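Read the structure below first, then the notes.
The values are calculated or read from the model by the stated rules, or taken from the named source; none is laboratory data. Everything numeric here is computed off the predicted structure, so don't read it as measured data. Don't worry about glycine lacking a Cβ; one is built from the backbone with ideal geometry, like all the others, and counts go over all protein chains shown.
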Amino acid sequence: MRHPYLPILSATLMAAIVGCSEPPGPQPDVLFIVLDNVRADRLAQCGYERPTSPFLDQLCARDLASCSCGAQAPSTWTLPTHASYFTGTEVPQHGTGMGGRTAETVRLAPGTFARPLDDRLPTLAEEFQERGYQTISLSGNPLISPASGLTRGFEVEHHARDFAKLYGERLFRRLEQMLEERDEERPMFLFLNICDAHRPWFGIPPGKHDWLPAREYLSFKQEPGKPNETRRRFVTGEMGAEEREALLERLNDLYDYAVWRADETLGSSLRILRNAGIFEGDFRLVLTSDHGEHLGERSLMGHAGPYLYEEMTRVPVAFFSNEGAKPLPDQMPALNVYDLLLEGEIKRRPLRATAYASDTWPVWYGPEVGDDPSAALWEGSAKTVHHDGEILRYDLSADPLELEPLAWNGEAEVEQLEALLEALAASASSEPPSEEMLELLRSLGYL
């Protein structure tokens, strides 16, 4: 339903890319890659002790690269964050991702109903079409599909039918096929979602890495509307200490292996693009993630709930172009990927995130888990966040794990958070807003 009140490479690879570049053309090929579900703090590039990202590490070390480990995603799961990346707007502005079974929501996966991206706002693919680009989307994440509205504007589109169905060789073959069919008379806008780091997590073969033990596959399977008992007992504190420690070790090892797999897939995908001649002319490559993952911190697991802790929101952003590196700030909204893709520059945007209340988390984990919307603001190392009806303040430089909320009296921050939550509630309503709400939306930059 429309909302009438809202406005309408490894060193070798990089050397090969740079060495083959031709004189600048009128429009560069533009590549947008999302490493789905990858936390910034689990990348070696961002200081993690395990070598999870060797390919990205080498790319970010090149002269043509600009990389940041301090970007903040606009929300907590695939649908609202990709809607933001594809429209250049925040969640209260595009209104995508509200859950529950209503007249405005659609079934996206078993047990998952949410409001799709409607056609009020133009997408990146449509913007590039207007510029004469051929637009192509390939996604290992099944939620990036016509049903979710996220593929609007893509001339060529293929997505996985389920999670873990479009990995490795299957993804590479499909990418090669799509590139063989591209129109070489037009520049290309390619979107690629690499979903290796998303649950379910593949097992780790014995001897695969000297920094990881062998582990069995883990999926946390659950029926629609019912919890996975293992995860529910962990989150509610019913799990014993020994079982809890073993589960955390397994989960964290599998996640690190999944991030390594995503990095390996990134390297193979860029080699395929290089072999197809994509880097022989001007190019612009932007890489990020859509969100992170709770891996036991504060007894939380998974994503898509309304908790905006750093392990959920902090993601990498990387920019590569033969136009030259443009330094990225240490701290930035990940929404700046929209600006980098369209113009090769970032623009000033507020550093904030929002998430709708979850209709599934209270079912999966308990009636008091995730049933409130959330909002967060960052100002340097100061972070102010609304979680479960409480407003909390953290100093991330002294307390990066957000374990010790500060005593403070920040009326301005409270007013901003309350305004964000009001705007989020307005976006979830099909009723036209009052004049007061319109003024609030203007003050937040949404109108």
**Q.** Complete set of residues in region 285-306 that are modelled with pLDDT of 95 or more and out of contact with any helix residue (DSSP H, G or I) (no Cβ under 7 Å at 6 or more places or on another chain)
**A.** LEU285, LEU287, SER289
(Q) Can you say whether THR265 is touching a helix residue (DSSP H, G or I) at 6+ places or on another chain (Cβ under 8 Å), closer than 28 Å to GLU176 by Cα and among the β-branched types (Val, Ile, Thr), as far as the supplied structure shows? (A) yes
Q) Is it the case that some residue within region 255-266 is under 29 Å from ILE33 (Cβ atoms), buried (at least 19 other Cβ atoms within 10 Å of the Cβ) and polar (S, T, N, Q)? A) yes
Q: Scan GLU238, GLU223, GLU242 and give me the residue that is in a helix (DSSP H, G or I) and more than 17 Å from GLU293 (Cβ to Cβ).
A: GLU242
Q: Being of a type outside the set (Phe, Trp, Tyr), touching a helix residue (DSSP H, G or I) at 6+ places or on another chain (Cβ under 8 Å) and over 15 Å from LEU190 (Cα atoms) narrows it down to one of LEU143, LEU138, so name that one.
A: LEU143
**Q.** Test set (1) within 21 Å of the chain's Cα centre (by Cα); (2) farther than 30 Å from VAL30 by Cβ - ASP399 fails condition number
**A.** (1)
Q) Out of all the residues in region 161-175, is one or more closer than 20 Å to GLU293 by Cβ and in contact with a Phe, Trp or Tyr (Cβ under 9 Å, 6 or more places away or on another chain)? A) yes
Q.
Quick check on ARG215: is it within 13 Å of SER269 (Cβ to Cβ) and of a type outside the set (Gly, Ala, Ser)?
A. no
Q: Would you mind stating whether ALA407 is assigned to a helix (DSSP H, G or I), among the hydrophobic types (A, V, I, L, M, F, W, C), over 16 Å from THR76 (Cβ atoms) and out of contact with any Lys or Arg (no Cβ under 6 Å at 6 or more places or on another chain)?
A: no
(Q) Take the residues in region 111-136 that are assigned to a strand (DSSP E or B) and in contact with a Gly (Cβ under 9 Å, 6 or more places away or on another chain); name whichever of them is surrounded by the most Cβ atoms within 10 Å (Cβ to Cβ). (A) ALA114
**Q.** Identity of the residue in region 1-54, at pLDDT 50 or above, more than 24 Å from GLY88 (Cα to Cα) and among the charged types (D, E, K, R), that ends up surrounded by the fewest Cβ atoms within 10 Å (Cβ to Cβ)
**A.** GLU49
(Q) The conditions are (1) in a loop (DSSP other than H, G, I, E, B); (2) small (Gly, Ala, Ser); (3) within 28 Å of ALA83 (Cα to Cα), and ALA375 fails exactly one of them. Which is it? (A) (1)
Q. Is it true that some residue in region 140-158 is under 17 Å from the mean Cα position of the chain (by Cα), closer than 17 Å to GLN177 by Cβ and small (Gly, Ala, Ser)?
A. yes
Q: Identify all residues within region 390-400 that are closer than 18 Å to SER374 by Cβ and assigned to a loop (DSSP other than H, G, I, E, B); write none if there are none.
A: LEU396
Q) What residue, of ALA325, ALA276, is surrounded by fewer than 19 Cβ atoms within 10 Å (Cβ to Cβ), in contact with a Leu (Cβ under 7 Å, 6 or more places away or on another chain), closer than 23 Å to ARG131 by Cβ and aliphatic (A, V, I, L, M)? A) ALA276
Q | Tally, over region 55-88, of residues that are part of a helix (DSSP H, G or I) and surrounded by fewer than 24 Cβ atoms within 10 Å (Cβ to Cβ) | A | 5
Q.
Checking the condition closer than 30 Å to PHE234 by Cα and among the hydrophobic types (A, V, I, L, M, F, W, C), which residue from ALA353, ALA325 passes?
A. ALA353
Q) Taking ALA318, is it closer than 27 Å to MET98 by Cα, in contact with a Ser or Thr (Cβ under 8 Å, 6 or more places away or on another chain) and assigned to a strand (DSSP E or B)? A) no
Q | Among (1) in a loop (DSSP other than H, G, I, E, B); (2) surrounded by 19 or more Cβ atoms within 10 Å (Cβ to Cβ); (3) not aliphatic (A, V, I, L, M) - the single one ASN193 does not satisfy | A | (1)
Q | All positions within region 112-139 that are under 20 Å from LEU273 (Cβ atoms) and either among the aromatic types (Phe, Trp, Tyr) or under 18 Å from the mean Cα position of the chain (by Cα) (or both) | A | LEU124, ALA125, PHE128, TYR133, SER137, LEU138, SER139
